[in-house]
1. Looking at the structure I just gave you, is residue 257 modelled with pLDDT of 95 or more and closer than 19 Å to residue 156 by Cβ?
2. Among the residues of region 355-372, write down those that are buried (at least 23 other Cβ atoms within 10 Å of the Cβ) and within 13 Å of residue 65 (Cα to Cα).
3. With the structure loaded, tell me whether residue 199 is part of a helix (DSSP H, G or I), in the same structural domain as residue 256 (by TED's automatic domain parsing) and closer than 30 Å to residue 248 by Cβ or whether it fails that test.
4. Does at least one position in region 422-430 carry a residue that is touching a Leu at 6+ places or on another chain (Cβ under 6 Å) and surrounded by fewer than 24 Cβ atoms within 10 Å (Cβ to Cβ)?
5. What number goes with the only condition from (1) in contact with a Ser or Thr (Cβ under 6 Å, 6 or more places away or on another chain); (2) buried (at least 24 other Cβ atoms within 10 Å of the Cβ) that residue 169 does not pass?
6. For a quick check of your reading of the model, give me the residue pairs whose first member lies in region 94-108 and is closer than 11 Å to residue 160 by Cα, whose second is outside any helix (DSSP H, G or I), with beta-carbon atoms closer than 9 Å and at least 6 apart or on different chains.
7. Could you tell me which numbered condition residue 122 fails, if it satisfies all but one of (1) surrounded by fewer than 24 Cβ atoms within 10 Å (Cβ to Cβ); (2) part of a helix (DSSP H, G or I); (3) within 20 Å of the chain's Cα centre (by Cα)?
8. Looking only at residues in region 608-623 that are among the hydrophobic types (A, V, I, L, M, F, W, C) and buried (at least 18 other Cβ atoms within 10 Å of the Cβ), which one is nearest to the chain's Cα centre (by Cα)?
Amino acid sequence: MLLWSVHDGGFDADTWYWGALAMLSLLAVTVLVVKPWTRPLRRSAVAGLAAFGAYVAWSYGSMTWAQTPGQALDGSNRALLYLLVFALFLILPWTARAALLALLAYAGGVIVIAIVLLARLASGYQLGELVIQGRLAAPTGYFNSTVALFMFGTLLATALASRRELPAPIRGFLLAGAAASLQLCMLGQSRGWLFTLPLVLVIAVALVRDRLRVAAHAILPVAAVLLPVHRLLGVFKGGNSGAAMTAAAQTAAHTSLELCVAVLVVGTLAAWFAPLLSRQPSVAVRRLIGAGVTALALAAALGGGVVATGGHPLRFVEAQWNGFSHQEPSTPTGGSHFAAIGSGRYDFWRVALDAFRAHPLAGIGQDNFADYYILRRRTTEDPLWPHSLELRLLAMTGIVGFLLFAVFLVGAIAAALRARRATGLSGALAAAALLPLVVWLVHGSIDWFFEMPALSGPALGFLGMAASLSVPRAPAPARVPAPAQRRGPVLASVPAVVVPALAVALLAACTVALAFPYLSVREVSEASDAAGVDPTAALHDLSVASRLDPWSPEPDRLAGQIALLLGSYQQAERDFRRTVAREPGGWYGWLGAGLAASALGDATQAARDLHEAAVIDNQDPVIRTALARVLTTDPLAPAKALAMLSAESGV
């Protein structure tokens, strides 16, 4: 999970595919060692696991009705990855100590990432790779997912820092890490995070055990963000690049690091001296302290909200609400991205609901939103997903997929909440393990987090851990009477043979489903690297990739592009025809086929192909130019078209 976090959130296929195979290997070993069919699990958790498995199976089934089966296969394999993560964490025989170590390892890893990022910002080293348009994009490469990742770290670190079972230096380190993570949340300037933060905090407070203690420990990280908030927001004022932004980022990072050190010292000392106060306060005193902490938290939240909204929170909310239906986001004129209004999400959600209304039962097919949206869009954006977990489920897998995933969540959360009621450390850790899921569900309702393994992995994995904690031990087997023994072996042999065999069959099927697409992705990656040096070798790699994954359009699309640049127009046309067959809703395949046909002298066929590309994407200037010139004496040359596309995309 931490490796995914520092590799663009695990978003790239050649990153999450190997992660899925590694997770599958871990699950296989765990199944052989733990033998989960012999271990008691809560019925609600087992029901949730079964519903998740049914959802993944339904997702694979959507390949039969999806317009682009290759995209449905990739999306289904990603869903399978999350199923593997959840199943692995569910079947492990967690103890409170093991769960504490796992949560500490993850939270500590996120903290290290945060501190390294602050150090890099303070040094100004390769700032353009970290900050884009004045907002922190690293390490996931996407502002909102980066903020969600550090919100995971903030909540987990704060909850764990309140545990007296941990040594004082570790508790101080966790508080300092919570401060660093929260500061980076502010640097990411995600409006989705700001809007969903109140609900996330309310649910988090309702979930955690020892709320007063956790709230008291949250004071230091919150103070460490409120004190330098103007400097944190000042990074955005510095612009996209140049000396101004570098100076602003360095100033903010230096201040943040100094405050983190202060939180480390104060938090460690407070944890050391806390046991000296052996006398427990009375109920009245605890209530008074609780009221005071609550008042401080509300004041801090209100103060932060006022600052983040430019001193006019009501006007800010009104402007955001009115701007929600804008087709394009505006350029903020204030001192932060929080002041921007308008969003493309309104249009994304409109089309997603349209897809659900048109295909209510089964949806349009897993991960087939991009081609559906581009024909119906009212913006210039090209989203791959609807930017909402609920609408993703409804649009792509229909009401069936939505209900299956909902049953999974209800069953798993019910088991986790039952574990939360356990006394002592076990119940507290079950509650803490649910905190990433809260961010993933609430913030993910208005963003695309499902597609980020660095977010979905911890959210669903720790949900499985919480559902598995405090499961009662199986009672010792009773002595079986002699009459039952005479017919018992026949019945007893069924689970002893069938269940392991079924597990092996499922693991083998998962291996096939993941391995061949991964090998294809690797061949495409190697071909991309070799295209400029040895295009012949690159074309051979792409041919292998196309055979390894007969549904993916990517190998033939890249092969067609290379062939166009080489002047092998007949091969380019064949490659792009296969691309169109695998992805009829993709404009690039039609454009490439049209360019190849035009270069071969078949202007009529080229016009038909380019017209199809223009129907799919009527806004791209390269398609319009090629179509306007195809029947003239000066058609657009393929190399010129590809150069224009490269300039357009900045690649």
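The values are calculated or read from the model by the stated rules, or taken from the named source; none is laboratory data. Keep in mind that what you see is a predicted model, and the values were worked out from it rather than measured. Neighbour counts are summed over all protein chains in view; Cβ atoms, including those assigned to glycine, are modelled from backbone coordinates with ideal geometry.
1. Considered against the rule, which asks whether it is modelled with pLDDT of 95 or more and closer than 19 Å to residue 156 by Cβ, residue 257 comes out as no.
2. Correct list: 363, 364, 365, 366, 367, 368.
3. no
4. Looking for residues that are touching a Leu at 6+ places or on another chain (Cβ under 6 Å) and surrounded by fewer than 24 Cβ atoms within 10 Å (Cβ to Cβ), one finds at least one in region 422-430, hence yes.
5. All conditions are met except number (2).
6. Once the first residue is closer than 11 Å to residue 160 by Cα and sits in region 94-108, its partners that are outside any helix (DSSP H, G or I) give 100/163; 100/165; 100/166; 104/166.
7. (3)
8. Residue satisfying both the conditions and the ranking: 616.
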